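The values are calculated or read from the model by the stated rules, or taken from the named source; none is laboratory data. Just so it is clear, the model here is predicted, and its values are computed rather than measured. Ideal geometry is used to build each Cβ from the backbone, glycine not excepted, and the neighbour counts take in all protein chains shown. All accessible areas refer to the heavy atoms of the entire protein, side chains included, with ligands and DNA or RNA removed. Shrake-Rupley method; radii C 1.70, N 1.55, O 1.52, S 1.80 Å.
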Amino acid sequence: MSETIFQIEGINRTFGDDPETLVHALADINLSIKRGEFSALVGPSGSGKSTLLNIMSGLDVPTSGEVILNGKHINSMTGKELSHFRRDHIGFIFQSYNLIPVLSVKENIEYIMVLQGKSEQERAERVSEVLKSVGIEGKENRLPSQLSGGQQQRVAVARAIAADPDIILADEPTANLDSKTGAALIEMMQNLNDDLGKTFIFSTHDQKIMDKAKRLVTLEDGRIQNEEVRS
Amino acid sequence: MILKMAFRNIFRHKRRTALTALMMIGGYVLLSFSLAFVDGSYGDMISLFTSQTTGHAQIHNDKFINSESIHDSIKSWDKIKEDLKNNSEVVSFSPRLKNGALAFSHKKTFAVEMWGIDWASEPKVTTIKQRLALGSWPSTNGENQVLIGSKISEVLGLKVGDEIVLISQGADGSIANDIFFVKGIFEKEEQGVDDYRVYTDLASAQMFYSTSHIHEVAIKLASIYNAKKFSTHFKVEEGLIIRPWQEVEKDFFKAMEIDKKGNTISYSIIMFVVALGVLNTVLMSILERTKELGVLKAIGTTPGSLSLMIILESQILAMMSLIIGSIIATLLNSYFSKHGISFSEPMTYGGMTISAMYARITLNSYLRPAVIVLVSTLFVSIFPAIRAARISPLDAMREV
Ligand SMILES: Nc1ncnc2c1ncn2[C@@H]1O[C@H](COP(=O)(O)OP(=O)(O)OP(=O)(O)O)[C@@H](O)[C@H]1O
Ligand SMILES: [Mg+2]
């Protein structure tokens, strides 16, 4: 049906030089992600979920293997190219919100678009659009510290989708939220996926949350144990 | 956006920012204030010094500078006089005939410098008239009237009204000797400029030396700070040379320059302390924001933009400090340019007595400290800026 946007081929990631204490965080991972997917990465602690997401975003470098986004190999990019790659293609949602404290809600959301050189008008339109879709209207000029955790994480989602990236990566986006707020956040992400076709991949420990995923990738000891597609 | 963030980051820690700004302001004011004083007191010294004898610029026969020979003279005085009169920069000028002579009185001899001057124009260039202690300032020419230095009067036992015989060699090779009349004696001072001089009028001196020429023209300008410019632009004929006081009094000028350089050390120490304080602040500010900088980098900010933000933060703070600092410095400097700081005991410097120091507001006393503060702030923020650029987003975000 839809095109493949992310292609991960034969990824290995080891930590440490000493053969005795060497950690195989990821071993022989092959994974492809299609546009419009809503995937969850699950597995016990230490199974390699964060490592895989970091490698996909270019924040971490695999020991071997290829990461290809839209036909581009990201392994061989320079620091600046990687910066631009993340800016233009990847949306991030972090576990602990990580909004910029000196910027208002509006400025946090438009930050990436400013880096991209989008016009003020385009940015303003986009900000009110995404604020509506994450359900935080009328708080544009507040600082992050004036919002609750759940609201901050919604702003973080808004920031991640504002510049219309190819994929949104979220490492345990609900870990810092109570289960109700967390469920609501995932529901909201799901709506963004259904209505706007945004591609998400997130890691989680929470059974209720993984139940919402359309595709479930289970990792164990750095290997893909199981893949399950639901409808 | 980077600028906006830099600006807001400055105000995150108000107390720390205020403290850093205070250091920058203090450093700037201290530098500006001491430079204003240096400029002021050196300016006073220079005008005092040049008003004794030298003037702001001098014209000679270029050979006279080394030979001091009676033959290496200025022959075209009339033309120079016209040029000087027509120049708007020139306030006053004075022609001089200069040569050595032997003074003889009460059976004693003493080697003296004989100066033929113009009674009317010389006091308009120098403070010679104020230095006269005994007798009166002559006004008639060609009557062999002389004013003598205190040393000469002491050694030869001369009083006002006494006669003095001067012996030398004329320009034509003949023996010059004549009787002169002491009309006045200069004040006694330690290493006074007039100690060994005998001043007479130009006509008497030219008669004595059998010449119609002069050797030196001393010029006073509207502003002493234009001496160099004036000397390069004022045209004198072939064989003559015009030099500003900095060249005429090379030794004095060099001594002052060395003195000024000595001050640089104390300025450097002030700036070093300020720079250390700023470095500390900037480093602290990036260490406590490691995670935030990591996030900025993760979501696509380039390393260069992060560096720029850190540098902008300290430069903005420095510029704000400079604005406040220059207001304070202006208040201080303008007060002390009027009131000065007087010494409990007058200080002598090269035969001049200085009893108070005044500040002088010059562009130099604002610009130089400003450049120093900005550049040293830039310098100490480069290292933290590079550090910020190199932050690894993963490491940064792992620290919670
Ligand atoms: N920087 C590192 N240095 C050394 N070992 C590391 C590093 N990062 C991860 N690891 C190791 O790699 C393995 C996978 O870690 P990872 O963080 O990807 O697991 P995870 O599935 O995200 O776990 P959790 O659910 O606890 O977040 C673990 O054994 C971990 O100890
Ligand atoms: Mg993890």
Conditions (1) open to solvent by less than 30 Å² (accessible area, probe 1.4 Å); (2) farther than 30 Å from A:N176 by Cα; (3) not acidic (D, E) -> A:L59 fails only (2)
Of the residues in the range A:53-86 that are of a type in the set (S, T, Y) and in contact with a Ser or Thr (Cβ under 7 Å, 6 or more places away or on another chain), the one that is farthest from the other protein chains (Cβ to nearest Cβ) is A:T63
- prompt: Are any of the residues in the range A:41-51 open to solvent by less than 10 Å² (accessible area, probe 1.4 Å), more than 16 Å from ligand 2 (Cβ to nearest atom) and of a type outside the set (K, R)?
  reply: no
Looking for something over 30 Å from A:I168 (Cα atoms), touching a residue at least 40 places away in the same chain (Cβ under 8 Å) and within 14 Å of chain A (Cβ to nearest Cβ) - is there at least one such residue anywhere in the range B:294-313? yes
Of B:S231, B:S210, B:S204, the only residue that is assigned to a helix (DSSP H, G or I), out of contact with any helix residue (DSSP H, G or I) (no Cβ under 9 Å at 6 or more places or on another chain) and not assigned by TED's automatic domain parsing to the domain that holds B:I316 is B:S204
Turns out the helices (runs of 4 or more DSSP H) fully within the range B:2-70 with at least 2 residues that are surrounded by 20 or more Cβ atoms within 10 Å (Cβ to Cβ) and within 14 Å of chain A (Cβ to nearest Cβ) are B:2-10
Considering residues that are within 11 Å of chain B (Cβ to nearest Cβ) and either touching a strand residue (DSSP E or B) at 6+ places or on another chain (Cβ under 7 Å) or loosely packed, with under 14 Cβ neighbours inside 10 Å (or both), the number found within the range A:101-119 is 1
Exercise. Would you call B:T281 within 9 Å of chain A (Cβ to nearest Cβ) and either at negative phi or touching a strand residue (DSSP E or B) at 6+ places or on another chain (Cβ under 9 Å) (or both)?
Worked result: no
Log entry, pairs with first residue in the range B:81-100 being part of a helix (DSSP H, G or I), second being open to solvent by 60 Å² or more (accessible area, probe 1.4 Å), beta carbons closer than 9 Å, six or more apart or on different chains, reads B:D83/B:K235
Screening B:Y349, B:Y358 for residues that are open to solvent by 20 Å² or more (accessible area, probe 1.4 Å), at pLDDT 75 or above and aromatic (F, W, Y) leaves only B:Y358
Quick count over the range A:6-40, residues being of a type in the set (V, I, T) and either within 13 Å of ligand 2 (Cβ to nearest atom) or modelled with pLDDT under 90 (or both), is 2
Counting only residues that are among the hydrophobic types (A, V, I, L, M, F, W, C), open to solvent by 20 Å² or more (accessible area, probe 1.4 Å) and under 30 Å from A:G91 (Cα atoms), the range B:298-340 contains a total of 3
